[in-house]
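Here's the structure we're looking at; comments come further down.
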Amino acid sequence: MGMVSFISTVPSLLALAPLPSPTTSTTSVAVSKYPIHASTVRCKIEADNGSEDQFGRRDILKCFGATLGMEIIASSGSFVEEANAADLIQRRQRSEFQSSVKGTLFTAIKANPDLVPSLLTLAMNDAMTYDKATKSGGPNGSVRFSSEISRPENKGLSAAMNLLEEAKKEIDSYSKGGPISFADLIQFAAQSALKSTFLASAIRKCGGNEEKGSLLYTAYGSNGQWGLFDKQFGRSDAQEPDPEGRVPLWAKASVQEMKDKFSAIGFGPRQLAVMSAFLGPDQMATETLLATDRDVAPWVEKYQRSRETVSETDYEVDLITTLTKLSALGQQINYEAYAYPVQRVDFSKLKL
């Protein structure tokens with residue numbers, strides 16, 4: 001029986017040590033020039049009678065595997081640092097691109113404020129195709145297809161879709177990480193539309209003074225609540241329309257039909273009430289209808305009272321939370337989307 005002590009660390013792979021002599025119980029392999037005490041591995045070798053001085057192939061593989069594993073652990077620090085650096089670069093790229101997207105959408109919506117209700121309904125209807133049983137549909141941009149946008153529930157939304165198609169051309173022209181998906185564009189347009197309504201409300205409370213209204217929204221508004229929504233940036237577009245019959249005709253739907261649809265995607269009366277602005281062009285008419293239902297009425301009244309306050313906290317926070325959940329139904333977010341490789345400088349071509 002012989003005992004061999006393998007001591008190894010990255011970056012070298014050691015050659016096999018000299019075979020032990022019959023009179024030697026252990027032999028030590030030379031220590032690497034990068035010693036790490038925790039990487040010492042002792043492997044017991046049991047030799048056959050008559051071949052005591054030879055390694056078995058399986059024994060060599062066991063020791064080699066243990067040694068290699070310790071080498072990986074010892075070198076992981078540099079890999080982690082490089083991975084973290086790459087991750088930070090990707091986050092910065094996505095953040096900068098997202099800020100530009102928001103700027104483009106804000107400008108487009110400011111020039112077309114009459115399309116705000118349509119943009120909200122467009123985002124709602126694109127997401128409402130989600131089917132929990134089959135895990136299909138959802139906010140995947142399928143509403144862009146002519147056969148889907150022309151359905152009865154999407155009547156009057158073509159102008160909003162046209163606005164986003166024009167915005168997409170501009171966004172894609174400055175994107176370094178590929179074209180933005182319609183799935184992302186539609187949901188972020190809803191975000192911009194909501195922000196514009198929140199800001200408009202603050203301006204009204206300041207007697208129409210835009211500067212004071214902007215200060216009021218900055219001080220009491222809900223910008224800080226969008227963190228999770230902003231992280232969900234990287235949806236993929238559907239390649240065909242979603243099945244028909246999944247989205248109610250909101251203008252003609254009963255409260256019970258609305259409740260049933262919201263329940264089917266995991267929402268309740270609270271979420272139905274707070275999303276009233278998405279359920280057609282006339283929010284007050286929708287709320288009047290919802291207030292006839294005893295389950296929904298308390299929430300309608302709660303959000304109406306909240307909108308009368310300076311901060312509108314209850315209404316805005318619940319609305320952002322609900323839209324965030326709605327805009328991610330069934331979606332696998334690609335957190336590397338819109339990132340791009342950083343150009344490396346070829347120092348050999350520099351003239352010093």
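Readers should treat all values here as calculations from the given coordinates under stated rules, not as data from a laboratory. Every value quoted in this text rests on a predicted model; they were computed, and no experiment measured them. Glycine gets a Cβ as well: all are built from the backbone with ideal geometry, and neighbour counts include every protein chain shown.
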Point to revise | Stretch gain in nm, segment Glu301-Thr218, where the contour uses 0.36 nm per residue and the Cα spacing is subtracted | key: 27.3 nm
Revision key, fill the gap. From the cross-link list Lys132/Lys259; Lys110/Lys325; Lys135/Lys155, the entries with a Cα-Cα span beyond 20 Å are Lys110/Lys325; Lys135/Lys155
Check your understanding: Could you give the length gained on full extension between Glu211 and Asn162, defined as 0.36 nm per residue of separation minus the Cα-Cα distance, in nm?
Key -> 14.5 nm
Check your understanding: Using a simple spin-label model with points 7 Å from Cα along the Cα→Cβ vector, what separation in nm is obtained for Arg91 and Gln283?
Key -> 3.4
Check your understanding: Ser100 to Ala200: FRET efficiency via 1/(1 + (r/R0)^6), r the Cβ-Cβ distance, R0 22 Å, to the nearest 0.05?
Key -> 0.45
Check your understanding: Under a plain spin-label model, where a point goes 7 Å from the Cα along Cα-to-Cβ, how far apart in nm are Lys135 and Glu240?
Key -> 2.0
